[in-house]
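Please read the structure below before turning to the comments.
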Amino acid sequence: MDPLLVAEAAINGILLGGVLALLALGLNLIFGVVDIVWIAYVELVMLGMYAVYWLVTLWAWPVVLAGMAAVGLVAILGILVHLLIIAPILSSPPVNQLLATGGLLFFLQSFATFLWATDHRSLRLALPILEVGGMFLSFARLLAFAVSLLAMLGLYLFLTRTYIGTAIRAVSQDREAIALMGVDARKVYIVTSGVGGAMAGLAAALLIIQYSVHPYFGAAFGPLTFMIVVLGGLGNMFGAVVGSLLMSEVISVGGIITSTEMAYVVAFVLFIVAMFVRPEGILSRRE
Amino acid sequence: MLSLENVSRTFGGFRALQGVSFEVKQGELLGLIGPNGSGKTTLFNCVSGALRPSAGSIRFRGEEVGGLTPDRICHRGIARTFQIPRPFKKLSVLENVALAAHFGHMTREPDAAARARARDVLRLVGLPSDEAARPGLLGAAGLKKLELARALATGPALLLADETLGGLDLEEMRQAAGLLRRIRDEMGITIVWVEHIMATLMRVVDRVVVLDHGEKIAEGMPREVAEDPRVIEAYLGEKLVLG
């Protein structure tokens, strides 16, 4: 095995980890605050990818502008999902919540198939491949990673430096006590769903420059995102980032050493083992 | 300032509060006592909006507040503390209080003003106001103070204080009781104070309301109430000790 190839795969793993972390953070943020797992979260990413695709191919929008539009559109979509589907079932049993957001997943997949058929659609951007010390790195991936890092920094500053961000963290800790401080938890849920949607929209913009979109895009990234979130510990933001990098490394480097399919097998086996050893997530402290 | 009329609250078949009526006057420091399970905390929950009263009316400054959500009631000027402190452990002490200062008012305060007010309140209760102080490093007395500081930062006209002395040693109790008095005397905040530690409470409050099995059984000056046969019976024949 050429060590240069492995090094290249390792770097690609980190780059993929950035975008995955974005998704894991968005999903985790919503779970931590609203306490409902959005099974259909990555389906929102799929819709965002279509949004960029159609804006660019049909209306000839510049990719950057279309990407920003996707952030806004999916943020609004996130708020709508909360108001129409999540809010009415907030106090329902968890299994009903699971069925509702799972139902949304199938609805969005089928609706996308109905509208746009199962064709794989790609922007076919001619982005350069950079050669660094004998390794070939895709500019699109580097860009996606850099933007993901900036978005994570932005999210961190939002959650720690603003009052609404601080309130979001407080709601995830004690929603009854925060109400006594004059905070309407329902408004915090709406803001959180919007922010979570915006993260999905940004991930969509960063993924459409690397992958083609189809109605079942979520089937590839959805389970991976959930695995990462659970691996890092539900509600644990730092764990989500660590889990993303870990899993994307396993998949990327494992894919070079064996095959991509085998790498996914290894990743999920590792996940199952981790769940036996640390059911609360790899970064959980033992009481 | 606060008037309760026939307030009742049932949980299934259990009547936690039955037709409780009393008034709290502006500037008063009112003690609310009663044996365990007599409905004190349920009453606080009804006034602060955590529970909707099953019947009756709760009027604050002339307006009905029964059934409003807790955040609305907070904006009207009622704050409460919890018996067991519930700080946001992952936030700093200052962030805990600044949140209350920012969101507790009808008109959101700008960033700097809310932070400055949070620092003032922390100084008043005697807690560190630097960015580094974490709730995890505070002891029992410190957490009680943080609970009070968060409530005060919302700028209340009425404070519902739930067992501010529980878990404190004698010196800390003396300080905490003194602090409640200062909050009333210097800030002009009306206080309803639920407490188990009777000797301290009876010395500090102006008036006492006694609940037993969800009903009001006595109301009056501490000394009168302590002599009331119904109160003595409720407390299993123990006469309340006045300091």
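Any read-out appearing in this document is the output of simple, stated calculations on the displayed coordinates, not a laboratory observation. Worth saying up front: this structure is predicted, and the values here are computed from it rather than measured. When we count neighbours, we look across all protein chains shown, and the Cβ atoms used for this are built from the backbone with ideal geometry, even at glycine.
Of B:LEU146, B:ILE73, B:LEU170, which is farthest along the charge dipole of segment B:58-210 in the positive direction, counting Lys and Arg as +1 and Asp and Glu as -1 at C-beta?
Positive-most Cα among the choices belongs to B:ILE73.
Along the charge dipole of the protein assembly as shown, which of B:MET221, B:MET1, A:VAL34 sits closest to the positive end, that is, farthest toward it, with unit charges on the beta carbon of Lys, Arg, Asp and Glu (+1, +1, -1, -1)?
The residue sitting farthest along the positive end of the dipole is B:MET1.
Using DSSP, restrict attention to beta bridges with both residues in chain B and report what percent are antiparallel, rounded to the nearest 5.
So the antiparallel bridges in chain B amount to around 55 percent.
Can you give me the P(r) profile for segment B:119-243? Cα pairs, bins 10 angstrom wide beginning at 0, each as a whole percent.
Here the calculated profile for segment B:119-243 is 12, 40, 31, 14, 4, 0.
For chain A, what relative contact order do you get, as a whole percent, if you take Cα pairs closer than 8 Å and at least 6 residues apart?
The value is 37 percent.
When only DSSP loop residues count, what trypsin sites (Lys or Arg not before Pro) in segment B:41-111 have their Cβ near at most 12 other Cβ atoms within 10 Å?
Passing both the DSSP loop test and the Cβ count: B:LYS89.
Once you place label points 7 Å from the Cα toward the Cβ at A:ILE76 and A:VAL6, how far apart are they in nm?
In this crude spin-label approximation the distance works out to 5.0 nm.
Which percent, to the nearest 5, of DSSP beta bridges fully inside the protein assembly as shown are antiparallel?
Bridges in the protein assembly as shown are about 60 percent antiparallel.
Exposed loop trypsin sites (Lys or Arg not before Pro) only (DSSP loop, at most 10 other Cβ atoms within 10 Å): please give the longest stretch of chain A free of them, not including the sites.
A:125-284
Can you give the FRET efficiency to the nearest 0.05 for B:ASP185 and A:ASN96, using r as the Cβ-Cβ distance and R₀ = 41 Å?
Approximately 0.20, to the nearest 0.05.
From a point 7 Å beyond the Cα of A:LEU149 in the direction of its Cβ, which residues of segment A:239-269 have a backbone N at a distance under 15 Å?
Residues A:245 qualify, since their backbone N sits under 15 Å from the label point.
Counting Lys and Arg as +1 and Asp and Glu as -1, each charge on the Cβ, what is the dipole of segment A:131-185 about the Cα centre in debye, to the nearest 20?
Dipole magnitude for segment A:131-185 comes out near 100 debye.
So, by mean Cβ neighbours within 10 angstrom, what's the order for A:204-214, A:96-106 with the highest one leading?
Descending mean neighbour count gives A:204-214, A:96-106.
Can you tell me how much longer the chain between A:PHE136 and A:THR162 gets when fully stretched, taken as 0.36 nm per residue apart minus their C-alpha distance, in nm with one decimal?
Extending this stretch completely gives an extra 5.3 nm.
Please compute the volume of the convex hull spanned by the alpha-carbon atoms of segment A:168-287 and report it per residue in Å³.
129
Along the charge dipole of segment A:134-287, pointing to its positive end and built from +1/-1 on Cβ of Lys, Arg, Asp and Glu, which listed residue (A:VAL171, A:TYR264, A:LEU245) has its Cα farthest out?
Farthest along the dipole direction, towards plus: A:VAL171.
At 18 Å minimum axial length over the Cα atoms and a Kyte-Doolittle cut of 1.0, report the qualifying DSSP H helices in chain A, or say none.
A:3-34, A:41-57, A:63-81, A:94-116, A:139-161, A:185-208, A:217-232, A:237-257, A:260-277
Which three extents, in whole angstrom, do the alpha-carbon atoms of chain B cover along their principal axes, largest first?
Taking the Cα atoms of chain B, the three principal extents are 52, 39, 32 Å.
I'd like the mean, over residues of A:173-179, of how many other protein chain beta carbons sit within 10 Å of each residue's own Cβ.
Counting Cβ atoms of other protein chains within 10 Å of each residue's Cβ and averaging gives 6.
Can you tell which of A:TYR156, A:TYR189, A:TYR216 shows the greatest fluctuation in a Gaussian network model of chain A with Cα springs below 10 Å?
Of the options given, A:TYR156 has the highest mean-square fluctuation.
Greater than 27 Å separation of Cα atoms is the criterion. Which listed pairs, B:LYS25/B:LYS89; B:LYS145/B:LYS216; B:LYS40/B:LYS90; A:LYS187/B:LYS145; B:LYS40/B:LYS144, meet it?
Over 27 Å Cα-Cα: B:LYS25/B:LYS89; B:LYS145/B:LYS216; B:LYS40/B:LYS90; A:LYS187/B:LYS145.
Defining a contact as two alpha carbons under 8 Å apart and six or more residues distant in sequence, what relative contact order in percent does segment B:158-243 show?
25
Could you derive backbone 3J(HN,Hα) for segment B:209-215 from the dihedral phi with the Karplus parameters 6.51, -1.76 and 1.60 (θ = phi - 60°), listing whole Hz in sequence and x where the residue is Gly or Pro?
So the Karplus estimates, Gly and Pro as x, are 10, 10, 10, 8, 6, x, 10 Hz.
Round to the nearest 10 and give me the degree value, 0 to 90, for the angle of helix B:170-187's Cα axis relative to the longest principal axis of chain B.
Orientation of helix B:170-187: about 80 degrees from the principal axis.
Mean separation of Cα pairs under 8 Å and 6+ residues apart, divided by the residue count of chain B: what relative contact order is that in percent?
Result for chain B is 25 percent.
Summarise the partner chain shielding of A:180-193 as one whole number: the mean count of Cβ atoms from other chains within 10 Å of each residue's Cβ.
Mean number of neighbouring Cβ atoms from other chains: 6.
In debye, nearest 20, what is the charge dipole magnitude of the protein assembly as shown about its Cα centre with +1 on Lys and Arg Cβ and -1 on Asp and Glu Cβ, if you could check?
560
Can you give the Kirkwood hydrodynamic radius of the protein assembly as shown from its Cα pairs, in Å with one decimal?
Across the protein assembly as shown, the inverse of the average 1/r is 26.1 Å.
Could you give the size of the charge dipole of segment B:67-212 about its Cα centre, using +1 on the Cβ of each K and R and -1 on the Cβ of each D and E, expressed in debye and rounded to the nearest 20?
For segment B:67-212, the charge dipole is close to 260 debye.
Taking every residue in B:96-105, how many Cβ atoms of other protein chains lie within 10 Å of its Cβ, on average?
Other-chain Cβ atoms within 10 Å of each residue's Cβ, averaged: 5.
Just B:LEU160, B:LEU29, B:LEU99 to compare: in a GNM of chain B, with alpha carbon springs under 10 Å, which one fluctuates most?
Among B:LEU160, B:LEU29, B:LEU99, the largest mean-square fluctuation in the Gaussian network model of chain B belongs to B:LEU99.
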